[in-house]
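Accompanying notes for the structure given below.
Quick note: the coordinates plus some simple rules give every number you see, no bench work behind them. Model, not experiment: these values are computed from the prediction. Here Cβ is always computed from backbone atoms with ideal geometry, including for glycine, and neighbour counts include all displayed protein chains.
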Amino acid sequence: MATHGRRAGEQSPRSAENGGDERPKMLRRGTSVILRPIKYGAVLFAVDGVLAATGKLHEVSWKSTLDEYLKTRQDVHHEPFFEFEHSDYQRYIEGLERFDGFRTFLASR
C-alpha cells in the first residue's frame, strides 16, 4: 500500500485515530448512516445475501440452467448426463463471479 509521504510502518492520522481502519467512517462496520428523503430520491440496497437469504435460490437457478445444458450436451455429443449436484455448487460456483463459476464448472466436466 502506498504510504503517501509517511515512513514505512507509520500510520496515517486517520488510521491511528480509528484503530488502524483507514476507510471513511460510513464504510466501517457498525456505523449507521442516516438517509434523508429530501436529499435522495431513491435508495438501492444490495440485498443479495445481506438482507435476503438468496443462496438457495441461486443454487436452484444454477441447477436448472446447468442440468438443461448438460442434457443438451448428452443429446448432441452423446456424453453421459451427470446431474448438477449441491457439491458441484459448493465446489465450482459458490462465491465466484457469474462467468468464473460457469468457467470452473464447465472445466470440471
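Overview of results
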read-out: Label-point separation in nm, residue 94 to residue 45, each point 7 Å along Cα→Cβ; value: 2.4 nm
read-out: Computed Rg/Rh of the range 37-95, alpha carbon atoms with Kirkwood Rh; value: 1.27
read-out: Where a label projected 7 Å from the Cα of residue 106 along Cα→Cβ would reach, residues of the range 53-76 with amide N under 15 Å; value: 65-74
